[in-house]
Amino acid sequence: MNVYDSERMTDVLRPLGYEAVDAPDRADMIILNTCHIRDRAAEKVFSELGRLRLVKEARAQAGQQTVLAVAGCVAQAEGREILARAPYVDIVLGPQTYHRLPEMVARAARAAGAVIETDFPVEQKFDFLPPEREVPEGGAAFLTIQEGCDKFCSFCVVPYTRGAEASRPVAAVLEEARRLVAHGVREITLLGQNVNAYHGEGPDGATWDLARLATELARHVGVERIRYTTSHPRDMGDDLIAAHRDLPALMPFLHLPVQSGSDRVLAAMNRGHTAQEYRDLVARLRAARPDLALSSDFIVGHPGETDEDFEQTMQLIRDIGFAQAYSFKYSPRPGTPASNAGAQVPEDVKDARLQRLQALLREQQDAFNAASVGQRVDVLFTGRGRKPGQISGKSPYLQAVHVEGPDSLIGQVAEVEIVKLHTNSLGGVLTGETDRA
Ligand code: 5AD
Ligand code: SF4
């Protein structure tokens, strides 16, 4: 979502004459777009700011002004602290205020002190973003359809930094999607902190859910490939499960965070479901789309997690089998309920658990990728590969695939036979079957 938001900030600033440059020392304005989800992400902001201060000072000596802005959820949560620790920052803006960037830039030019915008505006920021967006090359684009979260998991800052759940109206989503498709986009990833809780106001006055939106995008807007992320198990409705059966455009890969396999921990996390309910949900999804590849998020060492709880997480992973996953040590976030719960798990215990968990997930990921060797898959080529003459893209299961091939295939879907397994990607050869050019 931050990649998408950064692109939108560029769009908002373009009419003012700004364009992206490739190095901070060439920039009249530097925006650091930040993530607050775990402590390490926030700490990185401060070390990066230290480096950018030097850039700003060097430019000042050469007579050039630099506006330094911090955007995103660290700005939202720690705006005052940023200005105290890094007084050379000119603008602090939370994720709900990007549409007001031009005004903030003007104010920063006039003001003596820093400009700080971290309110949750009553208006929806969706309505204020410029309709014209730069269409990314490579045939794949993100599209935010939902923001915020009302779930209040015990460990998570998102409800506080991104605010309450809000869905973008259907008409606005369809319009943006149509424009992307008209510019050659073949794959759209629908984004939201709780994307499957989407409930957008439809042009017919009814509320549309994600299943209905995806169906419209596939059948009437002509989006060839649709993905969506991130989903909550609780919001995985029957219609959306059925859409995985009925819509070939809906890619057979689903990121469905479970966090833990222990009912005790799931309850402490306020996730609103049990491990068995997650297993049942996955079974229903696989019945609808047998080749569905699953991805998830895991947290080890949530306050109160015992060895037994952790073993239950390992068992859930073995039972389900994930194609890919993200896993983290629990990181206390100030202001969240879990951060001042007793029974914090010692760091070395978290380390040991994370290591075992990641080894198991790695094994599953390798096995999943190894099973692709010899298969033929449709790859959307999104860019050049690392080696000359190579192009790379994504399989339906979101695996990175490289082949020897012409640049003219970038932005196109072509069939590939997978021939080789690399650490984090697959090597293949073009079979010569190319989708309409
Ligand atoms: N500590 C560790 N991991 C966290 N996540 C969210 N908050 C925390 C935290 N406080 C993880 C969850 C979530 C993912 C985006 O980040 O697994 O799904
Ligand atoms: Fe955070 Fe996701 Fe839970 Fe919302 S559902 S509070 S974003 S972990």
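Each reported figure results from applying straightforward, stated rules to the coordinates on display, with no laboratory input. Treat the numbers as computed from the prediction; the structure is a model and nothing was measured. Every residue, glycine among them, receives a Cβ derived from its backbone with ideal geometry; neighbour counts consider all protein chains shown.
Counting only residues at least eight positions apart within a chain, or on another chain, the lysines with an alpha carbon under 25 Å from that of K329 are K44, K151, K350. Rounded to the nearest 20, the Cβ-based charge dipole of the range 76-223 about its Cα centre (Lys and Arg +1, Asp and Glu -1) stands at 200 debye. Within a straight-line Cα-Cα reach of under 26 Å, K387 can be paired with the following lysines, leaving aside sequence neighbours fewer than 8 residues apart in one chain: K420.
For the peptides 408-417, 343-352, what is the packing order when you average, over each peptide's residues, the other Cβ atoms within 10 Å and list the highest mean first?
Values: 408-417: 19.0, 343-352: 13.7.
Going from most to least packed, we get 408-417, 343-352.
For the chain, pairs of C-alpha atoms spaced more than 42 angstrom apart make up 16 percent of the total.
The smallest convex shape that holds all Cα atoms of the range 68-207, its convex hull, gives 139 Å³ per residue. The charge dipole of the chain, taken about its Cα centre with unit charges on the Cβ atoms of Lys, Arg (+1), Asp and Glu (-1) only, comes to about 640 debye.
The range 225-323 gives an Rg/Rh value of 0.99, both radii derived from C-alpha positions and Rh following Kirkwood.
Is the C-alpha gyration tensor of the range 287-437 telling us rounded, prolate or oblate? Criteria: a/c under 1.5 is rounded; beyond that, a/b larger than b/c is prolate, otherwise oblate.
prolate
Report note on the peptides 40-51, 315-326: ranked by the mean count of other C-beta atoms within 10 Å, highest first, their order is 315-326, 40-51. A Cβ-based charge dipole, computed about the Cα centre of the range 27-76 with Lys and Arg at +1 and Asp and Glu at -1, lands at about 80 debye.
Cysteines in the chain lacking any other cysteine Cβ under 4.7 Å from their own Cβ: C35, C73, C149. Using only the Cα atoms of the range 1-141, build the gyration tensor, take square roots of its eigenvalues as a ≥ b ≥ c, and label the shape rounded, prolate or oblate: rounded if a/c is under 1.5, else prolate if a/b is larger than b/c, else oblate. Rounded, since a/c falls under 1.5.
Look at the dipole of the chain built from charges on Cβ: of V115, A268, A323, the Cα furthest out on the positive end belongs to V115.
Rg to Rh ratio, the range 16-83, alpha-carbon atoms and Kirkwood radius? If you can, show how the numbers build up before the last one.
On the way: Rg = 12.7 Å, Rh = 12.8 Å.
Using only Cα positions, Rg/Rh for the range 16-83 is 1.00.
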